[in-house]
Amino acid sequence: MEKTKILLRVIVFMIILVGCFFGVTKKEYIKMLLQNTSQSNSWTLSVSDDSWMKIIKREDVGQEFKWNLVEIYANTGELQAAIDKEMWMIKELATYKWKMNNDEDLLKYLQLNTACLLVDDKVWTYISLWGSIDTKTTDIDSVKQVSSTVWSDYKQSTAFFDSELKEFSDEKLDELINNPKFADYKNVFIDIKIQKKRILPEDQQQLVSRLTDGRIASADIHDNLIDGDIEYPVIKDMQWNEIPTNYANMYSVWGGQTQEIRSGFTNLYYTTYTKYKKTLGSLLTSHIKEVTALAKIYKYDSVLQSVYENKQLPVAIYDNLLTTTKRNLDMFHRYMQMKKDYFWFDELHYYDVFLPMIDSAKSSFTYEQAEEYLLTWLSKLGSKYQELLKTAFASNWVDVYQSDTKAWWAYATTYYGWHPFLLLNFNNTFGDIKTFAHEMWHATNFYLAMDAQPAPLFGTSYPVEIPSITNELILLRELADTATLDTQKLLYLDQYLDTIATNYWRATMYADFEKQMYAKAWNDEPITTDLMDQTFASLFKQYYGSAMTYDDYLGIEWGIKPHFYSVYYPHVYAISLAAANKIATEIHNQTPWFTEKYLAYLGMWDNGMPAEQLATLGIDMSKPEYIQSVSDTMKEILDEMDVLIDRIQAAGK
């Protein structure tokens, strides 16, 4: 009997020892062992928390946590009626050909065109929202194709407009820009004036419209593959629930405690995409080459110029971003080394860099708590914003939880005259609260812009990620400054740098990759999957530095990110963060009148260029200091974190 007790104690001791080695508690490891003995011998990863995304059926999600799309169209009959109305308007627009020299006809055309575009925007927004919450349905495909055909008809039927206005003298265009009758349409004439040399003859523009369909394109196929067709491998949690190794679960896993879990999940996540490398490569290459061909048809000097010209921004902004960022990479490398040293890792892998320095970042938050936290933490934005948040929370702006048919991304969108829509996959983590804040400020930008602008002028601030990232940084600054413990302060400063790492350093790395691929396409050089793998690997090592151990499967990252299907979009995050860093600092410091100026900027009529609009906030996009300020802020925070870490470690001895 005594020998049996001793043997049992030895077994328990070994269980605890092995459990400690893998980073799980005694209770959890015994539970895992007992469960494993009653199950099959299939390989599993067991987790030490319950932060995995639980996939539930769409119909089981409470109505208060999901969009009510019948607000837009009650049934497919209403949707078809809207499409029919748009088709009628397009035919009417075509009757104005050769009439643009008459101001009355010109005004009528512009008014009808605005009405047509409003119908189209509402239809396409509905289709997009529907596709986001039901990625498995095939019913949407026919509707999407019909809408795309209608849009192609619109482009062809209205091709005469630009061609006729191209013949207007600059004096005539200036007269229209300053004519009060055309005040709502002045941007049309400003764009014509800027783009005159790019406008094709009508027959050529019609041909381009027939050959290029901006709706059924590589991006759409990519989304269908990622969100609908790929079956993701599963791992099992402590309760033997099967958890897909998909994007929805990724950041919860990367914020976990054991390196084994992060490694196993990440390997499965990336190698799943690797199986589709040829398809993903063909899609991205096709997209890049199509965009490049269009830029050449319109006689741009580069694809980047085609993005920047109508915003009257110099392409030097992009080059300044890359140059200034690379000059300061040692600051990012210092952060990576800090992470490696703090956790005593022999090797720091990509799946480790998102691990928060303080475990409390893994605390669980309900969605209702997240709403309250946003109201409290972002109170410095004023009462108008507080009321807007309350309206959003009470009015089904947000589709909250992941479900079996829902896309795994997060975004905000809208159409003119209606409230914004936010897609979340809320998983009860602090990171989800940051994402909530990020997308909510996009929504706020939409709402304030609609409130301030008539439909023809409706547009949001550029760079478009400024409001969303500003919200994240305000939240984190407030939390860091009000923290009463060194560990809390370290947590939120680390999260601040994590936001910079994601939206600035990583985004610039993506921008670097994108520029190199477009350069290849411009010079008619082949773009292969091997080239993309090698380029990405080289950039990853350059940007993340020697502190991080590179895993070969990361090369497929280029095939996963949907941002590459929005031309030169990744760099928008980086230049937005640079502006957001200054804005968040000014608001947090309660600089007199700055908050009012910022809210006015968000609702600013789309009648100025981005550089002019940002200048109202004291930000000069053309100067290197604009980008340099990010690294300067990072140095200040790293210095502060060094002091905190020393103090925390000394207190723990």
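The values are calculated or read from the model by the stated rules, or taken from the named source; none is laboratory data. Model, not experiment: these values are computed from the prediction. Please note: Cβ atoms are built from the backbone with ideal geometry, for glycine as well, and neighbour counts cover all protein chains shown.
Scan segment 147-171 residue by residue and report those that are of a type in the set (A, V, I, L, M, F, W, C) and within 29 Å of the chain's Cα centre (by Cα).
Val150, Trp151
Among (1) touching a Lys or Arg at 6+ places or on another chain (Cβ under 6 Å); (2) farther than 28 Å from Pro526 by Cβ; (3) not polar (S, T, N, Q), there is one condition Tyr298 misses while meeting the rest; what is its number?
Of everything listed in (1) touching a Lys or Arg at 6+ places or on another chain (Cβ under 6 Å); (2) farther than 28 Å from Pro526 by Cβ; (3) not polar (S, T, N, Q), Tyr298 misses just condition (2).
Which ones in segment 211-260 are in a loop (DSSP other than H, G, I, E, B), modelled with pLDDT of 75 or more and among the hydroxyl-bearing types (Ser, Thr, Tyr)?
We begin by selecting, within segment 211-260, every residue in a loop (DSSP other than H, G, I, E, B); these are 212-217, 230-233, 237-241, 245-246, 255-258.
Right, trim to modelled with pLDDT of 75 or more and you get 217, 230-233, 245-246, 255, 258.
Tyr232, Thr245, Thr258 - these are the residues of segment 211-260 that are in a loop (DSSP other than H, G, I, E, B), modelled with pLDDT of 75 or more and among the hydroxyl-bearing types (Ser, Thr, Tyr).
Can you tell me which residue is surrounded by the fewest Cβ atoms within 10 Å (Cβ to Cβ) among those in segment 126-165 that are among the β-branched types (Val, Ile, Thr) and without any contact (Cβ under 8 Å) to a residue 40 or more places away in the chain?
Thr138
How do the pairs read when you match residues in segment 268-290 that are at positive phi with residues anywhere that are modelled with pLDDT under 95 and not acidic (Asp, Glu), using Cβ under 6 Å and keeping only pairs 6 or more apart or on different chains?
As it stands, the answer is none, since no pair meets every condition given.
Just one of (1) assigned to a loop (DSSP other than H, G, I, E, B); (2) modelled with pLDDT of 85 or more; (3) surrounded by fewer than 18 Cβ atoms within 10 Å (Cβ to Cβ) trips up Pro592, so point out which.
Every condition holds for Pro592 apart from (2).
Tell me, yes or no, whether segment 83-91 has at least one residue that is at pLDDT 95 or above, under 30 Å from the mean Cα position of the chain (by Cα) and of a type outside the set (Ser, Thr, Tyr).
Scanning segment 83-91, I find at least one residue that is at pLDDT 95 or above, under 30 Å from the mean Cα position of the chain (by Cα) and of a type outside the set (Ser, Thr, Tyr), so the answer is yes.
Can you name the residue in segment 565-589 that is modelled with pLDDT of 90 or more and not in a helix (DSSP H, G or I) and, of all such residues, is nearest to Glu636 (Cα to Cα)?
Top of the filtered list is Tyr569.
Which residues, taken from segment 620-636, are surrounded by fewer than 18 Cβ atoms within 10 Å (Cβ to Cβ) and in a helix (DSSP H, G or I)?
Pro624, Glu625, Gln628, Asp632, Lys635, Glu636
Can you tell me which residue among Leu389, Leu313, Leu374, Leu321 is part of a loop (DSSP other than H, G, I, E, B), hydrophobic (A, V, I, L, M, F, W, C) and within 26 Å of Tyr573 (Cβ to Cβ)?
Numbers: Leu389 fails: part of a loop (DSSP other than H, G, I, E, B); Leu374 fails: part of a loop (DSSP other than H, G, I, E, B); Leu321 fails: part of a loop (DSSP other than H, G, I, E, B).
Going through Leu389, Leu313, Leu374, Leu321 in turn, just one is part of a loop (DSSP other than H, G, I, E, B), hydrophobic (A, V, I, L, M, F, W, C) and within 26 Å of Tyr573 (Cβ to Cβ): Leu313.
Within segment 407-429, restricting attention to residues that are buried (at least 21 other Cβ atoms within 10 Å of the Cβ), in contact with a Leu (Cβ under 9 Å, 6 or more places away or on another chain) and in contact (Cβ under 8 Å) with a residue 60 or more places away in the chain, which residue is nearest to Phe365 (Cα to Cα)?
Looking at residues that are buried (at least 21 other Cβ atoms within 10 Å of the Cβ), in contact with a Leu (Cβ under 9 Å, 6 or more places away or on another chain) and in contact (Cβ under 8 Å) with a residue 60 or more places away in the chain, I get Leu423.
Which of the residues that make up segment 600-617 are assigned to a helix (DSSP H, G or I) and crowded, with 17+ Cβ neighbours inside 10 Å?
Tyr601, Leu602, Pro610, Ala611, Gln613, Leu614 - these are the residues of segment 600-617 that are assigned to a helix (DSSP H, G or I) and crowded, with 17+ Cβ neighbours inside 10 Å.
With (1) more than 19 Å from Met338 (Cβ to Cβ); (2) surrounded by fewer than 20 Cβ atoms within 10 Å (Cβ to Cβ) as the list, and Ala437 as the residue in question, which single condition is left unmet?
Only one criterion is unmet by Ala437, namely (2).
Confirm whether Tyr569 is touching a residue at least 40 places away in the same chain (Cβ under 8 Å) and either more than 20 Å from Gln495 (Cβ to Cβ) or among the aromatic types (Phe, Trp, Tyr) (or both).
Judged against the criteria, Tyr569 is not a match.
Which of the helices (runs of 4 or more DSSP H) found entirely inside segment 455-564 contain at least 1 residues meeting this: surrounded by fewer than 19 Cβ atoms within 10 Å (Cβ to Cβ) and of a type in the set (A, V, I, L, M, F, W, C)? Give the derivation first.
Numbers: elements: 466-482, 486-500, 507-522, 529-544, 557-560.
Of the helices (runs of 4 or more DSSP H) lying wholly inside segment 455-564, those with at least 1 residues that are surrounded by fewer than 19 Cβ atoms within 10 Å (Cβ to Cβ) and of a type in the set (A, V, I, L, M, F, W, C) span 507-522, 529-544, 557-560.
Tell me which residues, restricted to segment 410-427, are aliphatic (A, V, I, L, M), out of contact with any Phe, Trp or Tyr (no Cβ under 8 Å at 6 or more places or on another chain) and farther than 17 Å from Asn246 by Cα.
First, pick out the residues of segment 410-427 that are aliphatic (A, V, I, L, M): 410, 412, 422-424.
Filter again for out of contact with any Phe, Trp or Tyr (no Cβ under 8 Å at 6 or more places or on another chain), leaving 410.
Hits for segment 410-427: nothing passes.
Given the options Leu280, Leu268, name the one that is modelled with pLDDT of 90 or more and touching a helix residue (DSSP H, G or I) at 6+ places or on another chain (Cβ under 8 Å).
That would be Leu280, the only listed residue that is modelled with pLDDT of 90 or more and touching a helix residue (DSSP H, G or I) at 6+ places or on another chain (Cβ under 8 Å).
If the Cβ limit is 7 Å and pairs must be 6+ apart or interchain, which residue in segment 612-624 that is aromatic (Phe, Trp, Tyr) pairs with which residue that is surrounded by 12 or more Cβ atoms within 10 Å (Cβ to Cβ)?
none
Looking at segment 89-105, which of its residues are touching a residue at least 24 places away in the same chain (Cβ under 8 Å) and part of a helix (DSSP H, G or I)?
If the condition is that a residue be touching a residue at least 24 places away in the same chain (Cβ under 8 Å) and part of a helix (DSSP H, G or I), then Met89, Ile90, Lys91, Leu93, Ala94, Asp103 are the ones that fit.
Which condition from (1) outside any helix (DSSP H, G or I); (2) surrounded by fewer than 18 Cβ atoms within 10 Å (Cβ to Cβ) is the one that Phe168 breaks?
Unmet for Phe168, out of (1) outside any helix (DSSP H, G or I); (2) surrounded by fewer than 18 Cβ atoms within 10 Å (Cβ to Cβ): (2).
In segment 241-273, how many are polar (S, T, N, Q), crowded, with 19+ Cβ neighbours inside 10 Å and within 19 Å of Gln402 (Cα to Cα)?
Total meeting the criteria: 4.
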